[in-house]
Amino acid sequence: MDEGYSILMALFAVAILCYAGLMAIFKDYKMLPYRARVSVQPKDEKRYMVQLSKVVALVALAPLLSALVGLWNIFAALIVLIAAAVVFIRLGTKLMRDVE
């Protein structure tokens, strides 16, 4: 069961990617948690949801990369997870600047 970390992270990434896909397909603003809906009131909810689904899919790449590296070395996978999360979240904030 040496690949347990990789399997778990890959499943987590797939779950996040499925959520992002559903957000992109339905474009329903009520798919967000209540607190997020109350704190952000975008002008165009459909455009906001499409951009947010792109950001969620981008952030889901961090555990996916970590799962791939986890097949090789678990310590390198943890470093990749943290570094990729930081990079992808910064890229995601740049994507969301034009929406609000």
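In the list K30, K46, which residue meets the criterion of being over 17 Å from V99 (Cβ atoms) and more than 16 Å from the chain's Cα centre (by Cα)? Don't jump to the end; show me each part of the working.
Details: K46 fails: over 17 Å from V99 (Cβ atoms).
Exactly one residue qualifies, and that residue is K30.
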Practice task
Taking the residues in region 73-87 that are more than 17 Å from the chain's Cα centre (by Cα) and touching a residue at least 40 places away in the same chain (Cβ under 8 Å) as candidates, determine which candidate is surrounded by the most Cβ atoms within 10 Å (Cβ to Cβ).
Solution key: A77
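Here's the yes/no breakdown for (1) among the aliphatic types (A, V, I, L, M); (2) open to solvent by less than 30 Å² (accessible area, probe 1.4 Å):
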position: Y19; (1), (2): no, no
position: L22; (1), (2): yes, no
position: Q41; (1), (2): no, no
position: S66; (1), (2): no, yes
position: G70; (1), (2): no, yes
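The values are calculated or read from the model by the stated rules, or taken from the named source; none is laboratory data. These numbers come from a predicted model, not from an experiment. Note: ideal-geometry Cβ built from the backbone for every residue, glycine included; neighbour counts use all protein chains shown. These accessible areas exclude ligands, DNA and RNA; they are computed on the full protein's heavy atoms, side chains included. Shrake-Rupley method; radii C 1.70, N 1.55, O 1.52, S 1.80 Å.
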